[in-house]
Amino acid sequence: MCCQIWMLRGAVRKCVLSGIHLCLPSCAQHPIKKATIFKPLFLKMAGQAVQLTRKDLVEPGLLGSVNNVNRSGNAFAAGTYAGADAFADGLDKAGLDAAAGAYAAAGLGCARAEWSVFDAEAKGPNASAGAGASLSSVSAKAFARAEIASASASAGPVKATVGLGLDTGVGIGVTGVEAKVLGTGISFGRKMGISLFGTGFEFNLW
C-alpha cells in the first residue's frame, strides 16, 4: 500500500512502518514557486506606482496624447510602495524629448489602468516630491505633495481629479506657468487648469 503525502521539504522518501510503505514526495516547491513568482510581481507594481511621480514632472502634452493613440491596454495595482530615482533621458543626443530630474514617492494603495489616450488612476494616502526639466516643453518644475486620497481620469488632453491633497510647487516654461500652494492653484498657458485642495480640472492646448 502506497500513500502519497504532501511534505514541506525533502526528496522522495520511503520508510517502512508496520509493513506499509509510505511514499513521501515533497511539494514545498509549490508554495515556494508561488512566492518566487509573486514577489517580483509585487515589486514591479510598486515600482510602477513610484514612477507615476516622474510623469508629473515630464508631461507629454497634446503631442504625447497623439502618440498614445495606439497604446495597448495596461493595468496594475500596488499595496505599499516607496522609492526614489533620478533620470537623464536623451541628453547625450540632445533630442527634442530630452529630460532630466529626480523624484521620490511613498504611499499606501495605488491602482491605474490605461488604454490608448485614456487613463484612470486611484491612490490612497501618499507623499511625493520631485524636480525636473524637459527640453520638449522647454520647462522646469518642482513640487512636494501629500494626499489623503485621490482619483483621476483623463481622455487625451483633458484630465479631471477628485481628492484631498496639499500640493505645493511651481512650474515655468516658455509655454506657460503653474503654481500651487496647499493643493490650490492654477495653470496658465499650454496647460490650462485650476485646482482647489487637490480637486481640479486641466486641459492641454497643445
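Any read-out appearing in this document is the output of simple, stated calculations on the displayed coordinates, not a laboratory observation. On a predicted model such as this, the values are computed, not experimentally measured, just so you know.
Summary of values
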item: Residue-by-residue Karplus 3J(HN,Hα) for the stretch 172-184, coefficients 6.51, -1.76, 1.60, Hz, glycine and proline x; result: 9, x, 5, 9, x, 9, 8, 8, 9, 9, 6, x, 10
item: Extension gain from residue 179 to residue 140, taking 0.36 nm per residue of separation minus the Cα-Cα distance; result: 12.8 nm
item: Computed over the stretch 88-196: relative contact order in percent, which uses C-alpha pairs under 8 Å that are six or more apart; result: 18
item: The stretch 148-163 - phi-based ³J(HN,Hα) in whole Hz, Karplus 6.51/-1.76/1.60, Gly and Pro as x; result: 7, 5, 7, 9, 9, 9, 9, 9, x, x, 9, 9, 10, 10, 10, x
